[in-house]
Amino acid sequence: MTRSVVTGAAGFVGSHLAEKLLELGHVVIGIDNLSTGKAENMEAFVNDPGFIFYEADIRDRDSMEQILDTHSPIECFFHLAAVVSVPFSVQHPEITHETNYKSTIRLLSRSRKAGAGAFVHAGSAAEYGNESRLPIKEEYASDETEHLSPYGRTKYLASREVARSSNPCGVSLRCFNIYGPRQDPTSQYSGVISRFIEQALKGIPLTVFGDGEQTRDFIFVEDVIHAYLLSAGINPANGKKSPPKRGIYNVGRSESITINRLADIIKSIIDPELPVAHLEPRPGDIRHSLADISKTVRTFGWKPSWDMKEGLKKTIEWYRENPETL
Ligand code: UD1
């Protein structure tokens, strides 16, 4: 049986990845310190006999040693645990550096000892800073890029190192704006889609920052999970394996949508009469973001399959069924 590690297994994306790997018959070693991840995210699979969970911090070398010693050999190492909040990274640059950069480098090297064939790292569109050339190609992020936060900088540095590794084969996925079931809507800094859906279901005005003409490239979480699997050389349909391909890859739909249009679609699904409140623009916001995904499509044969409206309907349905998350 294939053994995979998922760090950040209690997070929004990590929990979907762990669940899918279990479905494909992997034994999954999940690691999460539950700082931003939540035990509830693992409810659907925590009792699966193939799932082994450790509440541990990736900065804690002894715990990581012990876990990897116990479960070697590992085939695929999916590394999603990180400081994920941009404002937190600004307030705590050292913790962010230790978590997002140093721990990633340590785990990359430790995963080699554990026999891993692939090491897939959660990169971020934040690695591009305020890039004005659109659509954004992978090579636009460089040492000269002015990152807008320690979050963006540490993700960039970690991706750069991961992509240099050929043993294990290092892959970093720079995901654009991910949305879907289990995304936490409750913080001021939560993703706009989770916030709009929460507001709409509560019947309160949707809060659009600025004129709402800024654009983003949103991608449904299931498409992201397929990208994680394919990049590790795993066929999402049947679990069959092929060699992974080292490098940095964008993951988005390569379609942009304005925040105003997004608000309209959510209203049209939940309640067309809902009011919209235009608030001050959010400081530090980038204006436009759009992924060039041609390298990802060419290399893995991956394609986003969820269009915006279908992905939003599925997400809304999930929040309706899980009102306690709102
Ligand atoms: C996203 C990431 C961030 C990363 C950045 C890199 C999320 C949650 N955040 O930020 O970690 O650094 O990409 O490119 O994925 N908006 C509203 N009303 C709201 C909330 C947001 O109008 O209530 C607007 C924002 O002003 C922004 C857009 O929606 O223009 C998207 O916001 P958000 O979901 O926070 O994502 P990013 O800003 O793209």
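Things to note:
- Whole-Å distance, taken between Cα centres, linking region 91-147 and region 165-180: 9 Å
- Hydrodynamic radius of the chain per Kirkwood, over alpha carbon pairs, in Å: 19.9 Å
- In terms of packing, defined here as the mean over residues of other Cβ atoms within 10 angstrom, the peptides 279-288, 103-112, 304-313 line up highest first as 103-112, 304-313, 279-288.
- What the phi angles of region 65-77 give under the Karplus curve with 6.51, -1.76 and 1.60, with θ = phi - 60°, is a coupling list of 4, 4, 5, 6, 4, 5, 10, 5, x, 9, 8, 10, 10 Hz, glycine and proline written as x.
- Karplus-derived 3J(HN,Hα), 6.51/-1.76/1.60, for each residue of region 230-240, Hz, glycine and proline x: 4, 5, 8, x, 10, 6, x, 7, 9, x, 4
- Sites listed here are trypsin sites (Lys or Arg not before Pro) in region 168-275 whose DSSP assignment is loop and whose Cβ has at most 13 other Cβ atoms within 10 Å: K240.
- In the elastic network of the chain, a GNM with C-alpha springs shorter than 10 Å, the most mobile of A81, A39, A18 is A39.
- Phi-based couplings in Hz for region 191-196 (Karplus 6.51, -1.76, 1.60; Gly and Pro marked x): x, 4, 5, 5, 5, 4
- Region 63-118: C-alpha gyration tensor shape, a/c 1.5 cut-off, then a/b vs b/c: prolate
- Tail fraction, Cα-Cα pairs, region 1-128, threshold 18 Å, whole percent: 49 percent
- When only the Cβ of Lys, Arg, Asp and Glu is charged (+1, +1, -1, -1), the dipole of the chain relative to its Cα centre reaches about 1060 debye.
- Calculated [θ] (222 nm, deg cm²/dmol) that DSSP helices of n ≥ 4 give over the chain, each run adding -39,500 (n - 2.57): -10500 deg cm²/dmol
- Partner aspartates and glutamates whose Cα lies under 19 Å from the Cα of K102, excluding those fewer than 8 positions away in the same chain, are identified as D32, D57, D60, D62, E65, E94, E127, D143, E161.
- For G247, nonlocal amide neighbours, meaning residues 5 or more places apart or on other chains whose placed amide H falls under 5 Å from its own, are G170, V171, S172.
Taken together, the values in this text are just the output of simple stated rules run on the coordinates, not laboratory data. It should be emphasised that the depicted structure is a prediction, and the values quoted were computed from it without experimental measurement. Note: ideal-geometry Cβ built from the backbone for every residue, glycine included; neighbour counts use all protein chains shown.
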